[in-house]
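A short worksheet on the structure shown next.
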Amino acid sequence: MPVTEKIAGLTEKIIERSRPSRQRYLDRIEKARETAPRRARLGCANLAHGFAACGPGDKAMLRDAACGNLAIVTAYNDMLSAHQPFERFPDIIREAAREAGATAQVAGGVPAMCDGVTQGEAGMELSLFSRDVIALSTAVALSHQMFDAAVYLGVCDKIVPGLVIGALTFGHLPSVFIPAGPMTSGLANDEKSHIRQLHAEGKVGREALLEAESQSYHGPGTCTFYGTANSNQMLMEIMGLHLPGTTFVNPNTGLRDAITRASTKRALAITATGNEYTPIGRIVDERSVMNGVVGLLATGGSTNHTIHLIAMAAAAGIHLTWEDMAELSALVPLLTRIYPNGKADVNHFHAAGGMGFLIRELLGAGLLHQDVRTVWGTGLEGYLVEPRLAADGLAWTEAVKESGDEAILRGCADPFDRTGGIAVLAGDLGRAVIKCSAVPKDRHVIEAPARVFHSQEELQRAFKSGELSGDVVAVVRFQGPKANGMPELHKLMPPLGVLQDRGHRVALVTDGRMSGASGKVPAAIHVTPEAAEGGAIAKICDGDMIRLDAVSGLLEVLVDAAEWASRAPVTADLGANDFGVGRELFTPFRSQVNRADEGATIFRVQ
């Protein structure tokens with residue numbers, strides 16, 4: 001079914017806005033295209049260095065330069081549960097490549113930090129910038145020009161966006177992203193959240209909290225709630241960069257290994273030396289970016305992608321804006337209830353019909369562009385299948401046409417909400433993003449006095465001492481990219497959730513981030529301009545009445561206009577953010593980063 005007139009019109013607007021930069025990008029990747037392996041033109045010493053450590057068989061194939069050679073760019077480490085399964089993948093990929101008459105080499109590794117470990121710690125101030133470091137590391141890995149295609153091993157928050165930006169910089173190379181899959185289900189997410197709140201109130205101790213967290217995050221694979229990591233994986237499939245139906249298969253299973261082998265062979269099938277040349281720079285276009293935003297909205301995905309998708313699109317010469325997302329949000333229904341927007345986890349979503357059912361529904365409603373290019377070699381209609389393990393390898397069967405559990409996954413005819421899970425707010429405090437899908441309807445409009453903090457630690461101390469109570473809009477500022485790298489502020493949610501549960505009208509306004517797990521408290525995040533740039537958030541005083549209206553898309557301060565105009569933004573001593581845990585190395589990033597609504601990146605659309 002063709003897209004609706006409104007979706008087509010918005011896509012065309014992005015195409016027109018992006019036309020000059022997109023054409024420059026396409027010209028660059030066309031110039032870089034090689035119909036024969038680029039390594040064949042390397043000097044003899046260069047090429048010898050490139051295959052010196054290979055075994056005799058691989059070395060012979062690389063020496064002749066007739067076979068395909070696949071780059072493996074991996075974010076493996078064994079501290080991240082989501083990335084630990086990647087330890088085995090290079091051997092599987094090399095074996096599958098040899099079966100296809102080709103070779104594969106680990107071209108390089110990229111850093112992969114765990115936001116779950118660094119939450120509330122100084123290391124979180126490196127988190128957002130790690131995305132751009134990953135993009136740079138990907139460029140270093142591929143700079144040897146030994147490769148005809150690439151596969152990317154990454155899952156979590158900043159890692160996949162960084163890999164995508166790096167891959168698009170080498171947009172002439174075919175690229176397949178290979179997921180690792182979610183861990184099996186552990187402690188129910190609502191129970192975990194409940195114990196966190198009890199701990200915030202001092203009603204349970206550290207041992208009980210640690211036991212609950214350990215039961216929730218208990219094995220290899222992605223955390224099972226629907227935060228940024230799993231939003232990443234949804235995006236890679238709906239944008240055509242995964243093989244269909246492969247996103248949420250658990251790790252260390254026969255099916256997962258078969259998917260890895262199939263992904264490898266598919267990457268080698270679409271190189272420039274064959275008849276199905278499909279470079280990533282042609283897959284990621286304005287239509288696939290729109291599909292990604294639609295998927296994000298329909299699933300109530302991570303608010304981090306209101307930053308990441310802009311930066312990813314920019315790497316392909318495409319200008320995506322918050323206004324585009326806001327317009328789409330009014331058109332796209334909410335089709336899932338996955339924690340924190342419900343009790344289910346991604347394993348339950350997958351069992352209920354998963355990506356195949358979701359894509360079928362969105363295509364049928366004219367909300368997705370079917371006529372896109374994908375690594376599978378079809379349009380998006382080719383993604384209405386799911387893999388099964390057969391005696392001779394993988395077999396694809398038709399995806400289900402009916403949801404297996406309508407408490408988790410629904411069709412467009414009976415959605416959980418008629419609009420998307422993410423909205424954009426604007427007003428005299430600037431512009432911000434809010435994730436509405438997990439917030440009760442009676443909390444979509446909050447009007448309450450401000451209480452201003454310059455760190456989440458300050459807010460926690462105020463809560464523990466009993467100073468923070470009653471109706472309140474907590475304003476946590478100097479948390480933007482220029483101030484301290486824009487860390488996620490999840491330590492705020494338990495105390496604010498307690499206040500809300502006590503019956504108070506509570507909201508958060510911050511120039512920091514809250515990611516996909518922001519929860520049930522209404523939170524206007526990514527406020528821009530940020531306080532460190534003199535944004536209006538730096539003018540708020542304790543007691544100012546703040547109105548957060550997710551229904552009308554407003555973020556306002558209810559202060560006399562003359563008084564508001566006369567106020568000067570406050571400043572803050574940010575010196576404590578400049579050193580320790582490697583933060584001194586990121587001073588150039590803090591000075592060069594652009595605004596949240598521009599992608600919060602050091603890179604620019606070329």
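What are the aspartates and glutamates whose alpha-carbon lies under 17 Å from the alpha-carbon of residue 192, with same-chain residues fewer than 8 places away excluded?
By straight Cα distance, residue 192 reaches 201, 207, 211, 213, 345, 501.
How many nm separate the modelled label positions at residue 64 and residue 218, each set 7 Å beyond the Cα in the direction of the Cβ?
The two pseudo-label positions are separated by 5.2 nm.
Is it possible to state the helix-based mean residue ellipticity at 222 nm for the chain, with each DSSP H run of 4+ residues giving -39500 (n - 2.57), the sum divided by total residues, to the nearest 500 deg cm²/dmol? What is it?
On the way: 22 runs with 226 residues, N = 606.
Mean residue ellipticity, 222 nm, calculated: -11000 deg cm²/dmol.
Convex hull over the Cα atoms of the chain, averaged projected area in nm²?
Answer in nm², one decimal: 26.6.
Relative to the longest principal axis of the chain, what angle (0 to 90°, nearest 10) does the C-alpha long axis of helix 189-200 take?
Helix 189-200 sits at roughly 40 degrees to that axis.
Can you tell me what the convex hull of the Cα atoms of the range 1-63 projects to on average, as an area in nm²?
Values: hull surface 32.6 nm².
Averaging across all directions leaves 8.2 nm² for the Cα convex hull.
Give me the lysines in straight-line cross-link reach of residue 158: C-alpha distance below 18 Å, same-chain residues under 8 apart excluded.
Residue 158 reaches 482.
What's the extension gain from residue 394 to residue 554 if we count 0.36 nm per residue and subtract their Cα-Cα distance?
This chain segment gains 52.6 nm when fully extended.
Based on the alpha carbons, how large is the Rg to Rh ratio for the range 422-598 when Rh follows Kirkwood? Show your work: numbers first, answer last.
Working: Rg = 15.4 Å, Rh = 16.2 Å.
Radius of gyration relative to Kirkwood radius: 0.95.
Can you flag which of 265/401; 491/539; 401/435; 203/343 are past 26 Å Cα-Cα? Don't skip to the answer; put the middle values down first.
Numbers: 265/401 29 Å; 491/539 24 Å; 401/435 28 Å; 203/343 23 Å.
Cα-Cα > 26 Å for 265/401; 401/435; rest within.
Subtract the Cα-Cα distance of residue 276 and residue 541 from 0.36 nm times their separation in residues, and report this length gain in nm to one decimal.
Working: separation 265, 0.36 × 265 = 95.40 nm, distance 6.04 nm.
Gain in length upon complete extension: 89.4 nm.
Can you give me the C-alpha center-to-center distance between the range 348-366 and the range 499-558, rounded to a whole angstrom?
33 Å
For a quick check: with amide H placed at 1.01 Å from N, whose amide H comes under 5 Å from residue 334's, ignoring anything fewer than 5 positions away on the same chain?
416, 417, 418, 419
Which net charge results for the neighbourhood of residue 251, defined as the other residues with beta-carbon distances under 10 angstrom from its beta-carbon, given Lys and Arg at +1 and Asp and Glu at -1? Before the final figure, lay out the partial values.
Details: positive: 88, 256; negative: 257.
Summing Lys/Arg as +1 and Asp/Glu as -1 gives +1.
Label points 7 Å out from Cα along the Cβ direction at residue 1 and residue 106: separation in nm?
According to this spin-label approximation, the distance is 4.7 nm.
Any read-out appearing in this document is the output of simple, stated calculations on the displayed coordinates, not a laboratory observation. Bear in mind that the values here come from a model prediction, so they are computed numbers and not experimental data. Glycine gets a Cβ as well: all are built from the backbone with ideal geometry, and neighbour counts include every protein chain shown.
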